1. If I ask for residues that are under 16 Å from V100 (Cβ atoms), β-branched (V, I, T) and assigned to a loop (DSSP other than H, G, I, E, B), which ones from region 46-77 would you list?
2. In region 54-68, is there at least one residue being within 16 Å of the chain's Cα centre (by Cα), loosely packed, with under 13 Cβ neighbours inside 10 Å, farther than 15 Å from L6 by Cβ and free of Cβ contacts under 8 Å to residues at least 60 places away in the same chain?
3. Could you please let me know if K80 is assigned to a helix (DSSP H, G or I) and more than 22 Å from K105 (Cβ to Cβ)?
4. Any idea which of R18, R81, R38 is of a type in the set (K, R), within 28 Å of N136 (Cβ to Cβ) and touching a strand residue (DSSP E or B) at 6+ places or on another chain (Cβ under 6 Å)?
Amino acid sequence: MYRYELKLDFDFKPRSARKFGKEIADKLNFLKTFFGIRVIDVKVYETSKGLHLYISLYSNVELTDEDIVVLQLALGSDYKRELFNWLRVRSNDKFKHWNVLFKVKYKNGKIISKEEKTELAKEIEYYVRKYLQLYNHVIVQYG
């Protein structure tokens, strides 16, 4: 088995944590069929603009960097970010750290955004995990 981490960027804050969490779990469950993935952990953080999701998973097959971009895009991550990721992955330069989410963003030396574990983030984590467990994904880590 191979272990991977998906990094999703959403530039909005959902009105319903339950509905958003279910949508993410539904998409992960659908993708399981094609990529042989099993989610083992989900972490959600709120930013000034939206959300960052970190999804740890196992796959029965070795996934390419291109596969990771496709998975992130299919899960709804910001399409501009994923297009730039795709271009980095396809370039001959082979960027070592192409899949990056910034935990803190600065402008003119001041923090303009940072990841925070808010009530919204905790609620979304709860619902993603809840629905994944219903779909027989094994969530082994909490925190």
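All of the numbers you see were taken from the coordinates with simple rules; none came from a lab. Just so we're clear, the structure is a prediction, and the values are computed from it rather than from any experiment. Heads up, the Cβs are rebuilt from the backbone with ideal geometry, glycines too, and the neighbour counts pull from every protein chain shown.
1. Passing the criteria: only T47.
2. First, the residues of region 54-68 that are within 16 Å of the chain's Cα centre (by Cα): 54-59, 63, 65-68.
Next, from what is left, pick out any that are loosely packed, with under 13 Cβ neighbours inside 10 Å: 66.
Filter again for farther than 15 Å from L6 by Cβ, leaving none.
No, region 54-68 contains no residue that is within 16 Å of the chain's Cα centre (by Cα), loosely packed, with under 13 Cβ neighbours inside 10 Å, farther than 15 Å from L6 by Cβ and free of Cβ contacts under 8 Å to residues at least 60 places away in the same chain.
3. Numbers: assigned to a helix (DSSP H, G or I): yes; more than 22 Å from K105 (Cβ to Cβ): no.
Here the answer is no, as K80 does not meet what is asked.
4. Details: R18 fails: touching a strand residue (DSSP E or B) at 6+ places or on another chain (Cβ under 6 Å); R81 fails: within 28 Å of N136 (Cβ to Cβ).
That would be R38, the only listed residue that is of a type in the set (K, R), within 28 Å of N136 (Cβ to Cβ) and touching a strand residue (DSSP E or B) at 6+ places or on another chain (Cβ under 6 Å).
Yes/no matrix, rows are residues, columns are (1) touching a residue at least 40 places away in the same chain (Cβ under 8 Å); (2) touching a Lys or Arg at 6+ places or on another chain (Cβ under 7 Å); (3) of a type in the set (A, V, I, L, M, F, W, C); (4) under 19 Å from R3 (Cβ atoms):
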residue	(1), (2), (3), (4)
L71	yes, no, yes, yes
R81	yes, no, no, no
K94	no, no, no, no
F102	no, no, yes, no
E115	yes, yes, no, no
R129	yes, no, no, yes
